[in-house]
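Chemist: Got a structure here, written out as structure tokens. Questions coming.
The values are calculated or read from the model by the stated rules, or taken from the named source; none is laboratory data. Small disclaimer: the values here were computed from a predicted structure and weren't measured. Backbone-built Cβ (ideal geometry, glycine too); neighbour counts: all protein chains shown. For the accessible areas, the whole protein counts, side chains as well, though only heavy atoms, and no ligand, DNA or RNA atoms are used. Shrake-Rupley method; radii C 1.70, N 1.55, O 1.52, S 1.80 Å.
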Amino acid sequence: MELDVEVAIVGGGPTGLMLAAELALAGVKVCVLERREAPVRESRALTMHPRSLEVLALRGLEAPFLERGRPLPTGHFGLLDTRLDFSGLDTTFRYTLFLPQALTEALLAEHARGLGVDIRRGHLVESLHQDEEGVVLAGSAQGTAFHCRARYAVGADGARSVVRQLAGIGFPGTEATRTSMLGDVTLEHPPSTPFLALTNTRGNAVIVPLGQGQYRAIVTDARREHTSPREPLSLEELRESLTRVAGSDFGMKEPRWLSRFGDETRLAEHYRRGRVLLAGDAAHMHYPAGGQGLNVGLQDAMNLGWKLAAVLREDAPPALLDSYHQERHPVGQSLLNNTQAQSALMGFTPEVLALRELMNGLLRLPAINQRLAEQLGGLDVAFPDAPIPAPASNTLPGWTGRRLPDWTLRLAGGGQRSLYSGLHDGHWLWLHAKPAAAPPSDWEPAPGWRPRVNALALETSTDTGALRGVDGLLVRPDGHVAWAWTASA
């Protein structure tokens, strides 16, 4: 079997599907090679964060996710008793969305297929060779060999990424020092509160409802925290540990999924090597504190998608792809720092319990609470050093790389429009305060850029007043500012 595409994405989880859809939106011929024969029923991730919802809204995709998910106005940091408050965040989505990963994948797959993405299940990649012209992937599908030739290949195939290994990209970090147990079960006598989280000298436990009578129980037992993640977990062990930590097993029975996971932490040395790139868990592995992995993966995909499309469709220089590593590798490092800090707060020693009490008090301070809520929600990411060409003069400081919320814009001709609606097609967006204003003639990121820029003429002041003194604002396809410009000398 022979495949010939522009981009081959290995891995059909949320990251791979989101990236495939972004590329297809720009007219790139893309295929997804997924080793599993069928979608996974278990949902490792359960939460979509504010920035991920913004990413969906940038393409007008948020409605079906919001319809099926359950908004939660608070979150946790390290299972501390003082909750993170999302209500004051500068976003349309002042909450996290409780949504099982299996449903997230199904919705993204439907969107990708609607754009013409070729999703091939049961395709196991076994070799990878790249040269100056492209990448050749080879493997097996239902016992038949296949070869796929692509101009670029992306590994979105999880923490044990075959693509990363075949490309020779290092994955330094630390081995697991602690393991936890997870079970999706039925509870005859569930807790009285919808979200149970407790920590004591015996360990910690979390119980959350999944719907339809199912609950997820996550337990770290101080006596068993050094068990290998590869050792099978039994219902009896989970029940015993939950009883030890929480005082009851809540009538646990009928397990649908039992698993162990650890705090192994790693970050890819490079997000790009030649014509091979990494995204999502293939680039970063960490303890799943705060449910951040899926979300950072979606945001990786949004960052990479428009850049790869620009290289393939707008004749942008391949060096633009280097900015993917430059922008997202620090985000990956921040993710690891965040999850390691949370993991440390989930300890059981008297010293850690004392630290937890201190942190509970600090989180009652609004500024600290909001800072951690922004970080967990992915709203604190900016790219001030992004290598996006700017005009030779009259650019305004402090704007480059900023993430923009979905402002309501007042148009020069009357009426209103949301900022994100101007980005639904994946093009750039030029906001200008004067109807005749155009981007400066000395700015051109790629020869074919101008047909891919939407323009909106605004009143001289917006509802937020944030654009006062700005004559033009160029917004990247991912909702971050390329630069701001003034006509004044």
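Chemist: Can you tell me the accessible area per residue over the chain, all protein chains present, probe 1.4 angstrom, in square angstrom?
Modeler: Accessible surface, normalised per residue, equals 40 Å².
Chemist: Normalised by the residues of segment 179-262, what does the relative contact order come to in percent, with Cα pairs under 8 Å and at least six apart?
Modeler: After rounding, I find 45 percent.
Chemist: May I ask for the net charge around VAL475, where only other residues with Cβ less than 11 Å from the Cβ of VAL475 are counted and Lys, Arg are +1 while Asp, Glu are -1?
Modeler: +2
Chemist: Continuing with this model, one more query. Can you tell me the relative contact order of the chain? Whole percent, Cα pairs under 8 Å, sequence separation 6 or more.
Modeler: Once divided by the residue count of the chain, the mean separation gives 17 percent.
Chemist: Further question: Count charges around PRO39 for me, please; just the other residues with Cβ under 12 Å from its Cβ, Lys/Arg as +1, Asp/Glu as -1.
Modeler: -2
Chemist: Could you give the size of the charge dipole of the chain about its Cα centre, using +1 on the Cβ of each K and R and -1 on the Cβ of each D and E, expressed in debye and rounded to the nearest 20?
Modeler: 440
Chemist: Ok, one more. For segment 26-174, what is the charge dipole size about the Cα centre, in debye to the nearest 20, if Lys and Arg each add +1 at the Cβ and Asp and Glu each add -1 at the Cβ?
Modeler: Charge dipole of segment 26-174: 220 debye, to the nearest 20.
Chemist: Say the dipole of the chain comes from +1 at the beta carbon of Lys and Arg and -1 at that of Asp and Glu; which of VAL30, SER52, ALA310 then lies farthest toward its positive end?
Modeler: Farthest towards the positive end: SER52.
Chemist: Among the chymotrypsin sites (Phe, Trp or Tyr not before Pro) in segment 110-200, which ones are in a DSSP loop with at most 16 other Cβ atoms within 10 Å of the Cβ? Mind listing them?
Modeler: PHE195
Chemist: I've got another one for you. What ranking do 134-144, 276-286 get when scored by the average of other Cβ atoms within 10 Å per residue, highest first?
Modeler: Numbers: 134-144: 15.8, 276-286: 28.5.
Packing proxy ranking, top to bottom: 276-286, 134-144.
Chemist: If ligands, DNA and RNA are left out, what is the accessible area of MET359 with a 1.4 Å probe, given in Å² to the nearest 10?
Modeler: 40
Chemist: Additional query: Only helical DSSP H runs with n ≥ 4 go in: add -39500 (n - 2.57) per run for the chain, normalise by residue count and round the 222 nm mean residue ellipticity to 500 deg cm²/dmol.
Modeler: -8500 deg cm²/dmol
Chemist: On a 0 to 90 degree scale, rounded to 10, what angle separates helix 101-114 from the longest Cα axis of the chain?
Modeler: The two axes meet at around 30 degrees.
Chemist: Across the chain, where is the longest run that never hits trypsin sites (Lys or Arg not before Pro) in a DSSP loop with at most 13 other C-beta atoms within 10 Å?
Modeler: 231-363
Chemist: Still on this structure: Taking the Cα centre of segment 179-262 as the origin, how large is its charge dipole in debye, to the nearest 20, when only Lys and Arg (+1) and Asp and Glu (-1) carry charge on their Cβ atoms? Kindly include the intermediate steps, with their values, before the conclusion.
Modeler: On the way: 10 positive and 10 negative charges, 33 e Å.
With only Lys, Arg, Asp and Glu charged at Cβ, the dipole is about 160 debye.
Chemist: Now a separate question. Count the DSSP beta bridges whose two residues both fall in the chain, then state the antiparallel fraction as a percent rounded to the nearest 5. Working shown, then result.
Modeler: Details: 69 of 93 bridges.
Antiparallel bridges make up about 75 percent of those DSSP assigns within the chain.
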